[in-house]
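Following: one structure in structure tokens, then a few remarks.
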Amino acid sequence: MSSSCDVAIIGVTGMIGDILVDVLDEHDFSIAKLFLVDEETVAGGRLMYKGQSQRVEPLERFDFSLVKVAVFLGAESMAEAWIPPALAAGCTIIDASGSSRSNAQAPMVVADANPHVLSGFATPGVIACPDSQVVQAVLALQPIVRESGVQSVAVATYQSMSTLDQDAVEGLALQTGRLLNGQPAEAGALAKQAAFNLIPRTGELDEQGFTRDEARFGEDVRRILELPGVSIAATCVVVPVFYGTAAVIQLRTREALPVKRLATLLRKAPGVKLLDKAAADGFPTPITEATGSDAVWIGRLRQDPIDPLVLNMWIVSDNLRKGVVLNSLETLRLLIKDYL
């Protein structure tokens, strides 16, 4: 197996760029030579990598045969267009854009939860990474699934504008500024006012009343945690926050799991930090604990007073850092170590 290899990361400008270089600087991902790549309209700038200024190369002229692995962090449309030629050039793909989530042949990986699904993975091929909401939910649920089993899960996500796109972040900033200056909010890039408001949907509804993100959430959690037939229902809410993500999870276990035992399991779980104290500041928030953190933070552990099989918890994480960049690059490390 390889100790390192040459890697291209696709979609490195915008919100993701600074976070990407921070994570690359703080961790060793066994990258021999790194190529930073993005679409020609935004390429040409420079990012600092390991103390060196590195140019962002135009995707349209990039030679994928130069690298063994290409990590796609950008939009789904970009990945859909460029994954086929990258595969044809012999690249293995780690796709965090969302475009490969429905590909049943692509293993879906949360590096801290199910690295075993890479067993037998043949290169070149495609590895899918799930949405940041799924990453944090899986890490919270995994120890419970192993200890007591799960009958059903209900999740309400509270997602910042950065879980949507750069336009949504800028739209929130514009609306907030206008309202604070006594002017009416303009929808702009957003469907309606987001500043000082909550939006209980993240896309078009299907026949059952779920959005695409909500339906995908249930499908992906079942797939990663190997829970076929388990009801996993999500309600995705957009909140007037720029970065970070949160969720409330209520689940029904197969066997009663006392809160003290749950706390012990979570303290030992990879990729998780527990902050669950009775003090006023004894619980995590997306800004104070999760921003810039490599962990999913969990608190507000509760067991239902009437039904001991029902548990509740609050989870937060840095959606771009933990949910997108770090999970993709930790998957890269696994791939290089054991499969290349």
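The values are calculated or read from the model by the stated rules, or taken from the named source; none is laboratory data. This is a predicted model, so every value here is computed, not measured. Ideal geometry is used to build each Cβ from the backbone, glycine not excepted, and the neighbour counts take in all protein chains shown. Please note that ligands, DNA and RNA were not included when accessible areas were found on the heavy atoms of the full protein model with its side chains. Shrake-Rupley method; radii C 1.70, N 1.55, O 1.52, S 1.80 Å.
Checking the condition farther than 30 Å from Ala195 by Cα, among the hydroxyl-bearing types (Ser, Thr, Tyr) and touching a residue at least 40 places away in the same chain (Cβ under 8 Å), which residue from Ser132, Ser148, Ser53 passes?
Ser148
Give the residue, chosen from Ile298, Ile306, Ile287, that is of a type in the set (Val, Ile, Thr), more than 30 Å from Cys5 (Cβ to Cβ) and open to solvent by less than 10 Å² (accessible area, probe 1.4 Å).
Among Ile298, Ile306, Ile287, only Ile298 is of a type in the set (Val, Ile, Thr), more than 30 Å from Cys5 (Cβ to Cβ) and open to solvent by less than 10 Å² (accessible area, probe 1.4 Å).
Check Val21, Val37, Val7 and return the single one that is outside any loop (DSSP other than H, G, I, E, B) and either farther than 28 Å from Glu170 by Cα or acidic (Asp, Glu) (or both). Before the answer, list the steps.
On the way: Val21 fails: either farther than 28 Å from Glu170 by Cα or acidic (Asp, Glu) (or both); Val37 fails: either farther than 28 Å from Glu170 by Cα or acidic (Asp, Glu) (or both).
Unique residue meeting the criteria: Val7.
Go through the stretch 158-181 and report how many residues are touching a Pro at 6+ places or on another chain (Cβ under 7 Å) and either modelled with pLDDT under 90 or exposed (fewer than 15 other Cβ atoms within 10 Å of the Cβ) (or both).
0
From (1) without any contact (Cβ under 8 Å) to a residue 40 or more places away in the chain; (2) in contact with a Pro (Cβ under 7 Å, 6 or more places away or on another chain), pick out the condition that doesn't hold for Asp220.
(1)
Name the residues in the stretch 279-297 that are charged (D, E, K, R) and more than 18 Å from the chain's Cα centre (by Cα), would you?
Passing the criteria: only Asp281.
Considering only the stretch 12-21, how many residues are surrounded by fewer than 17 Cβ atoms within 10 Å (Cβ to Cβ) and without any contact (Cβ under 8 Å) to a residue 60 or more places away in the chain?
Adding up the residues that qualify gives 1.
From the list Ala88, Ala75, Ala81, Ala43, exactly one residue is modelled with pLDDT under 95 and more than 20 Å from the chain's Cα centre (by Cα). Which is it?
Result of the check over Ala88, Ala75, Ala81, Ala43: Ala43.
Only one of Arg300, Arg261 is farther than 25 Å from Val117 by Cβ, in contact (Cβ under 8 Å) with a residue 24 or more places away in the chain, assigned to a strand (DSSP E or B) and of a type in the set (Lys, Arg). Can you tell me which?
After ruling out the rest, the residue left standing is Arg300.
Could you run through the stretch 320-333 and say how many residues are over 14 Å from Val272 (Cα atoms) and open to solvent by less than 10 Å² (accessible area, probe 1.4 Å)?
Total satisfying the criteria: 5.
Of all residues being among the small types (Gly, Ala, Ser) and open to solvent by less than 20 Å² (accessible area, probe 1.4 Å) in the stretch 215-239, which is farthest from Val150 (Cα to Cα)? Just the residue, please. Spell out how you get there, then give the answer.
Within the stretch 215-239, the subset among the small types (Gly, Ala, Ser) is 215, 218, 229, 231, 233-234.
Filter once more, so that each one left must be open to solvent by less than 20 Å² (accessible area, probe 1.4 Å): 218, 234.
Details: Gly218: 14, Ala234: 16 Å.
That would be Ala234.
Would you mind finding the one in Ser65, Ser102, Ser53, Ser77 that is in a strand (DSSP E or B) and exposed (fewer than 14 other Cβ atoms within 10 Å of the Cβ)?
Sole residue among the options that is in a strand (DSSP E or B) and exposed (fewer than 14 other Cβ atoms within 10 Å of the Cβ): Ser53.
I'm checking my understanding of the structure. Among residues of the stretch 105-142 that are in a helix (DSSP H, G or I) and farther than 16 Å from Gly323 by Cβ, which one is most open to solvent (accessible area, probe 1.4 Å)?
His116
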